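Quick note: the coordinates plus some simple rules give every number you see, no bench work behind them. Values in this document were obtained by computation on a predicted structure and should not be read as measured data. Here the Cβ positions follow ideal geometry from the backbone for every residue, glycine too, while neighbour counts run over all protein chains shown.
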Amino acid sequence: MDYAPAEATTGTGTLPPTPLKILIAGGFGVGKTTMVHTLSEIPPLNTEQEMTELSEGVDDLSAVPDKRTTTVAMDFGRLTVDDSLILYLFGTPGQSRFWFMWDELAAGAVGAVVLVDLRRVDDCFAAIDYFENRGLPFVIAINDFPGTERFDARVVRDALVLKPEVPLMWTDARDGRSGLAALISLVEHALARVAA
Amino acid sequence: MDDHLGPDGSAGGRVVPVYALTRGRTRSSGRDMPIESLVSVTEHGQRSVASLDIEYRRIVELGRRVVSLVEIAFALRVPVGVARVLVSDLAGCGHLVIHAPPPLEANGGPSQELLGRLLDGLRAR
């Protein structure tokens, strides 16, 4: 397979087309889909990702007739960052039985925005644990649902057992500027970790 | 050119199941072509687009603008594993070039330089 140096086909510019990705994680119904769609420059896309739990390489389906496949809906969006850099946003599948997919999504990612609904704090612990264990940079974005009681940031940090360096912010998943601010905070955090 | 990419004589639209498109091949691992991998068409691909089967033709047409594997899967309404096989076929024949994600730093993430460009780009929006 050709993994050619990109200058052969880009046409404009001298840098190769380069994809980066950020994950939008959190519990079911917390606003992941909304955030991805609000930030994306392409129409809302939702693909049925068929994954198998059998592992690597090219498989011959006829050899494994009872192979189990799982189809799972996955949200994604796209932001053109500059001439050659394209950022993809992936909403992570909510249910824990799809965690085998997270590894593929998380590999090489810039990091993750973990959306939190303060009325259902428990839903985000799985995502926080996952990214902590994996060493992937993440930020916490409290989705400011109308009618949610306001808590002091320190109280929220305690409740989520956050390390002091993890950025925490309030956001509105329906608002593009607000979502963009969360992405910027994540990239700043990732940069600080690389530079450290 | 490879005859398995040649016209199939069908009148357009998919009339066979997706596993027939790939002759039963599938890839369950994204290690060699992550879902965000980008694809663009080559001059050779541009020239030979008319001679391709419908699924391949659509991918080559999509690749006129740099596009990711996951977008191709969505546009064709096939699983990403199937799109991966079809894109590999096209790249193998020189119709497409695959732009893999950037090499990673020791911590498993993108380089400081790339993160800096990403930050500049996001701040400029």
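Below, the figures for the structure above:
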| item | result |
| --- | --- |
| Phi-based couplings in Hz for the range A:79-92 (Karplus 6.51, -1.76, 1.60; Gly and Pro marked x) | 10, 7, 8, 8, 3, 10, 9, 10, 9, 9, 10, 10, x, 6 |
| A:I86 long-range amide H proximity, modeled H, under 5 Å | A:T18, A:L20, A:V81 |
| Built amide H within the under 5 Å cut-off of A:W170, gap 5+ | A:I142 |
| Taking A:M101, A:M74, A:M169 and counting other C-beta atoms within 10 Å, the order from fewest to most | A:M169, A:M101, A:M74 |
| Order of A:K163, A:K21 under a 10 Å beta carbon neighbour criterion, fewest first | A:K163, A:K21 |
